[in-house]
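One structure below.
The values are calculated or read from the model by the stated rules, or taken from the named source; none is laboratory data. As the structure is a prediction and not an experimental result, all values here were calculated from the model. Cβ placement follows ideal geometry from the backbone for every residue including glycine, while neighbour counts extend to all protein chains displayed. The protein model used for the area step is the full one, side chains on, heavy atoms only, and it has no ligands, DNA or RNA in it. Shrake-Rupley method; radii C 1.70, N 1.55, O 1.52, S 1.80 Å.
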Amino acid sequence: MTAVDSPHFKSPDHQYERFITTVAQQADLGWEDAERAARATLETLAGRLSSGEARDIAEHLPPQIRAWLPAIGGAEPFHADEFVRRVAEREGVDPQAAERHVRAVFVALGRFLPRQELSDMAAELAEDYGPLLEGIEPAPAQVMPIEDFLRRVADHAAIDEARARPVTEAVLETLAERISGGEVEDLAAQLPVELRPALERGNALSHGAARRMSLDEFVTRVAEREGVTPDEARDHVRAVFLTLREAVSEKEIADLEAQLPKEYAAVLARA
């Protein structure tokens, strides 16, 4: 997989990377296998949906992926087990693996499609598609206001609200260095717009590729950015992670935790 060369979140190449990375993470696949799974699933979906619905969905997808969901019409009324069988045949894998891959692709779709579009797609599918769609979780409809976010950080860290913003930005910038560019984008979409520049800075430093970083290294970088001791920085890291739990979806927290080593549990614990 090629690293992203800039922090520009909305570039077509980065959006493509984000989609395939989601499939890879959800299904535990390598890059090429994730691409193959995405293509097989979307080509099969194109045969199941009406041409209008396929076209509506494709409009929200990266240009490289739209060709995998052609508006061919027909809307063959095959059930979920036949859907999985066709995906398995296209991929050259067994049905059990194909079902896991289909679920992963639907999760990726959920991160690109508006809530109404997801509802429209589900309405065209039979009820037995429910288990394949249950992993989809759209982002929260409302983003927590910056004032509320910083107030919570201040409360968790037992610091003045005036200090909460530089503390938060130091942690988020370091976090964006540690996780993949696709995950940075997912996280940014659920946070106040005022905090996104900190994520962009960290993403630029790592060129969109997750940097290996122990918890001690993470805390040290935050301490250096803040100009505080490592002990203080560790408390601040925990306060920001606690606030993230309150501000973004459970699915996003799960995806974030999946990219961090087990030792990070010391700062990821719930209040």
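For region 100-116, the condition of being over 19 Å from the mean Cα position of the chain (by Cα) and either open to solvent by less than 60 Å² (accessible area, probe 1.4 Å) or in contact (Cβ under 8 Å) with a residue 40 or more places away in the chain (or both) holds for none of the residues.
Can you say whether Leu256 is open to solvent by less than 10 Å² (accessible area, probe 1.4 Å), among the aliphatic types (A, V, I, L, M), modelled with pLDDT under 95 and over 15 Å from Thr168 (Cβ atoms), as far as the supplied structure shows? Spell out the reasoning first.
Values: open to solvent by less than 10 Å² (accessible area, probe 1.4 Å): yes; among the aliphatic types (A, V, I, L, M): yes; modelled with pLDDT under 95: yes; over 15 Å from Thr168 (Cβ atoms): yes.
Yes, satisfied.
Screening Thr22 against (1) farther than 18 Å from Pro95 by Cβ; (2) modelled with pLDDT of 95 or more; (3) open to solvent by less than 30 Å² (accessible area, probe 1.4 Å) leaves a single unmet condition, (2).
Applying the selection to region 73-124, what residues are β-branched (Val, Ile, Thr) and either at pLDDT 95 or above or within 17 Å of Ser50 (Cα to Cα) (or both)?
Looking only at region 73-124, we keep the residues that are β-branched (Val, Ile, Thr), and these are 84, 87, 93, 102, 105, 107.
Residues satisfying the conditions are Val84, Val87, Val93, Val102, Val105.
Look at (1) in contact (Cβ under 8 Å) with a residue 12 or more places away in the chain; (2) surrounded by fewer than 22 Cβ atoms within 10 Å (Cβ to Cβ) and you find that Arg212 fails only one, number (1).
Of all the residues that make up region 29-46, how many are open to solvent by 10 Å² or more (accessible area, probe 1.4 Å) and in contact (Cβ under 8 Å) with a residue 24 or more places away in the chain? Qualifying residue count for the region: 5. Is one or more of the residues making up region 51-66 under 16 Å from Leu132 (Cβ atoms) and not in a helix (DSSP H, G or I)? No.
Could you tell me whether region 219-231 includes any residue that is free of Cβ contacts under 8 Å to residues at least 40 places away in the same chain, part of a helix (DSSP H, G or I), buried (at least 20 other Cβ atoms within 10 Å of the Cβ) and not β-branched (Val, Ile, Thr)? Scanning region 219-231 turns up at least one residue that is free of Cβ contacts under 8 Å to residues at least 40 places away in the same chain, part of a helix (DSSP H, G or I), buried (at least 20 other Cβ atoms within 10 Å of the Cβ) and not β-branched (Val, Ile, Thr).
For region 248-265, indicate whether the set of residues that are over 26 Å from His14 (Cα atoms), touching a Ser or Thr at 6+ places or on another chain (Cβ under 8 Å), free of Cβ contacts under 8 Å to residues at least 60 places away in the same chain and of a type outside the set (S, T, N, Q) is non-empty. Yes. Selection of region 59-68 for residues being open to solvent by less than 10 Å² (accessible area, probe 1.4 Å) and touching a Pro at 6+ places or on another chain (Cβ under 8 Å) yields only Pro62. Restricted to helices (runs of 4 or more DSSP H) entirely inside region 123-194, those with at least 2 residues that are open to solvent by 30 Å² or more (accessible area, probe 1.4 Å) are 130-133, 146-157, 161-178.
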